[in-house]
1. When the dipole is taken about the Cα centre of region 124-247, and only Lys, Arg (+1) and Asp, Glu (-1) are charged at their Cβ, what size is it in debye, to the nearest 20?
2. Lys and Arg at +1, Asp and Glu at -1: add these up for the other residues within a Cβ distance under 12 Å of R320 and post the number.
3. Write out the trypsin sites (Lys or Arg not before Pro) in region 204-254 meeting two conditions: DSSP loop, and at most 12 other Cβ atoms within 10 Å of their Cβ.
4. Test of understanding: in a Gaussian network model of the chain with alpha carbons linked when under 10 Å, which of Y60, Y226, Y15 would top the mean-square fluctuation ranking?
5. What order do you get for C334, C248, C67, C58 when you list them from fewest to most C-beta neighbours inside 10 Å?
6. What does the C-alpha gyration tensor say about the overall shape of region 8-183? Classify as rounded when a/c is under 1.5, otherwise prolate if a/b is larger than b/c, or oblate.
7. Please give the calculated 222 nm ellipticity per residue for the chain, where each DSSP H segment of at least 4 residues contributes -39500 (n - 2.57) and the sum is spread over every residue; nearest 500 deg cm²/dmol?
8. I need the calculated FRET efficiency for the pair R12 and E132, taking r as the beta carbon distance and R₀ as 22 Å, to the nearest 0.05.
Amino acid sequence: MAMEEKEAKPLRHGYTTGSCAAAAAKAAVTALILQEPQPESVIKLPIGEEVTFLMHACEYDAERALCEVIKDGGDDPDATHGARIVAEVRWRDGEGIEIDGGIGVGRVTKPGLPVDIGEAAINPVPRRMIRESVQAALDSFELERGVRVVVSVPDGEEIAKKTLNGRLGIIGGISILGTRGIVVPFSTAAYKASVAQAIRVAVKSGCTHIVLSTGGRSEKVAMGLYPDLPEEAFVEMGDFVGFALTMCARQGVRKVTLSGMMGKFSKVAQGVMMVHSKSAPVDFGFLASAAEEAGADPGTVEEIRGANTAAQVGDMMQERGMLAFFERLCAACCESGLREAKAAYALETVIMSMKGVILGRVEKQGEAQGR
């Protein structure tokens, strides 16, 4: 009973790296003005909510001030949860607020991102939040002075290894992100945004064929199938199959390859386009029907109905040499994916075993969509 109550507990939202940076910057400029430590900072989020952030550290002298916030991602499984987000501010000649990235904040090296090449990977909404928060502090003291803000993340380079930044051409650290200011648990909006960015980067780099994989292992197998494609063409979509397929359609991609394993693709075959383990259970009745259509005997069909996992079903069909079963699943994935994305591109589906053996591979051409 206690476990059920625990599971029913509402998930706690957190705050984006952009919100943390804006709060630290406002506290730092206030410390610089008053020459006093700032224990907290109140900022307005893009959604209109006012939030108080506690400062983990605050240093200052006559020329500069530095404040640090520990990022609280709430109950969202985010790589940046617990990261130290630091803002250092200095007075600058002239007017205006200049924003840059320091240690642990990546730099953009490829086109297709919302920030220009050479700039710090601080996205437009966080830049606006930082600027508005610093301006609010200046206005409260009726000051008209120029300020330079440098955002850094001391462990950012290490954290970035757990993100898609390297593939996106963001080098040297994490991105400062956020459009709403809060992180909604398990919406994984940041991951979806990075998938969309990866597809844009690929298209801007000249890729007309994009390979979407559910994870690292399936991507590695796909790289073996397409050794001539550049690294940018390979995008880890995670569980967001429908979202990634739709983004490819919007970007005018000509061919898309889906690369993954039985568990997730057995869901895609049925039209389930968000394939997280909690999004929808595996339908063993559907898999049993597909096996029957592929020529499986009644005993095998009943075994499938009573199976524990889709991977178990895949192993069973592989051992019995029933590759027609995988061809049927691949074809169904292509049809579901093209329908979901309303896509005119060619869609290929590759299903592989946990050991990287190709079990099925089918390609279908989408039809031009009427407007």
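Just so it is clear, none of the values below were taken in a lab; they were calculated from the coordinates. None of the values given here were measured: they were computed from a predicted structure. Ideal geometry is used to build each Cβ from the backbone, glycine not excepted, and the neighbour counts take in all protein chains shown.
1. Numbers: 14 positive and 13 negative charges, 28 e Å.
Result for region 124-247 is approximately 140 debye, rounded to the nearest 20.
2. -4
3. R254
4. Y226
5. The fewest-first ordering by Cβ neighbours comes to C58, C334, C248, C67.
6. Since a/c reaches 1.5 but b/c is at least a/b, the shape of region 8-183 is classed as oblate.
7. -11500 deg cm²/dmol
8. For R0 = 22 Å, the calculated efficiency reads 0.25.
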